[in-house]
Amino acid sequence: MLKLENVKVSYGAIEAVKGVSLEVGAGEVVTIIGANGAGKSTLLKSVVGWELPSAGRIVLDGRDVTTVPAHQRVAMGLAMSPEGRGVFADQTVRENLMLGAYSRRRDTAAIDAAIDREFRRFPRLRERQDQQSGTLSGGEQQMLAISRALMSDPRLLLLDEPSLGLAPLIIRDIFNAIRELRQDGLTILLVEQMAKQALGVADRAYVLETGRITLQGSGQELLDDPKVKAAYLGSH
Ligand SMILES: Nc1ncnc2c1ncn2[C@@H]1O[C@H](COP(=O)(O)OP(=O)(O)O)[C@@H](O)[C@H]1O
Ligand SMILES: [Mg+2]
């Protein structure tokens, strides 16, 4: 479904992604693990169109989307839950969800059905639907960020560090939701520093170090890999 070919992304003189090639097949959960600063967020931003690569190709369903604007990629089935959630703090939960559906804003019945679907997925969002999103806990904001991304009915969901800063019980809820999405057949590209949980849910995984893929394999292979254990699984 998604193919990156030798993708490079720079910020001025800093090359954050130094030639990454990877693939995500339909129905797969693929995880990229890497330390802070490895280039994970930059890579996801290039996939959704928030950063333009300086070299390489991004191919979605066989079509080169490297320079396609972000809003068109949403229409093609891409959606991202960004690092740090990115919810609009002074808008209510329901308003944030409606913003996620902007690509089909004329179809109110479909939007209402999608909101109800997300409230069933995360019942706490239903309870807090009229609250300002800034008053939510970190875990609730993460649920909202995922649900907002799902409002556009993506075929490929990108998740940037959904466990960041959350308590273990909430992380468990988030990963349970990821498992359910996978059972529903959604294709997921997940980026995480919390390697154990992320590799546990992954069909395949890549290790990203200072902008380069240094290891790849099945989720289980990387969980068992001594280098991964030493560098990413130590304290979790
Ligand atoms: N907007 C930016 N401007 C300049 N440098 C950036 C910017 N965003 C990220 N970087 C740099 O790019 C590198 C990769 O960052 P990032 O993609 O955020 O890594 P990760 O998500 O793995 O922590 C880091 O060296 C970071 O400092
Ligand atoms: Mg990041």
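None of the figures in this text is laboratory data; all of them are computed from the coordinates on show. Please read all numbers here as calculations on a predicted model, not as lab measurements. Note that each Cβ is placed from the backbone with ideal geometry, even for glycine, and that neighbours are counted across all protein chains shown.
Overview of results
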read-out: Residue order, fewest to most surrounding Cβ atoms within 10 angstrom, among 227, 18; value: 227, 18
read-out: Span from the the stretch 87-157 Cα centroid across to the the stretch 1-76 one, whole angstrom; value: 25
read-out: Mean projected area in nm² (Cα convex hull; one quarter of hull surface) for the stretch 1-130; value: 9.6
read-out: In sequence order, calculated HN-Hα J values of the stretch 7-19 (Karplus, 6.51, -1.76, 1.60; Hz; x Gly/Pro); value: 6, 10, 9, 10, 10, x, 7, 8, 8, 7, 10, 10, x
read-out: By average C-beta atoms within 10 angstrom, highest first, the peptides 58-71, 149-162; value: 149-162, 58-71
read-out: Max mean-square fluctuation residue, GNM over the chain, Cα-Cα springs under 10 Å, options 198, 110, 79; value: 110
read-out: Cα-based Rg / Dmax (Å) for the stretch 89-153; value: 10.6, 31
read-out: Residue-span extension gain [residue 131 to residue 216] - 0.36 nm each, minus C-alpha spacing; value: 26.4 nm
read-out: Among 95, 192, 127, residue whose mean-square fluctuation peaks in a GNM of the chain (springs only between Cα atoms under 10 Å); value: 127
read-out: Amide H within-cut-off set for residue 10, under 5 Å, with H built and near neighbours excluded; value: 16, 54
read-out: Other-chain or far-sequence residues with amide H under 5 Å of residue 21's (modelled H); value: 6, 7, 213
read-out: For the stretch 65-78, Karplus couplings with θ = phi - 60° (6.51, -1.76, 1.60), whole Hz, Gly/Pro x; value: 10, 3, 10, 6, x, 3, 5, 6, 5, 4, 5, 7, x, 9
read-out: Cα Rg over Rh - the chain, Kirkwood; value: 0.96
read-out: Distance in nm between pseudo-label sites at residue 68 and residue 116 (7 Å out along the Cβ direction from Cα); value: 3.1
read-out: Karplus 3J(HN,Hα) series, Hz, for the stretch 190-199 with 6.51 cos²θ - 1.76 cosθ + 1.60 (x for Gly, Pro); value: 10, 10, 8, 8, 6, 5, 5, 4, 5, 5
read-out: For the chain, share of DSSP beta bridges that run antiparallel, in % to the nearest 5; value: 55
read-out: Residue 172-residue 14 pseudo-label distance in nm [points 7 Å out on the Cα-to-Cβ vector]; value: 3.7
read-out: Förster-model FRET efficiency, 35 Å R0, residue 230 and residue 124, C-beta, rounded to 0.05; value: 0.40
read-out: Amide H contacts under 5 Å for residue 32, placed H, 5+ residues apart; value: 190, 191, 192, 206
read-out: The chain, helix-only ellipticity at 222 nm - DSSP H runs n ≥ 4, -39,500 (n - 2.57), divided by all residues, nearest 500; value: -11000 deg cm²/dmol
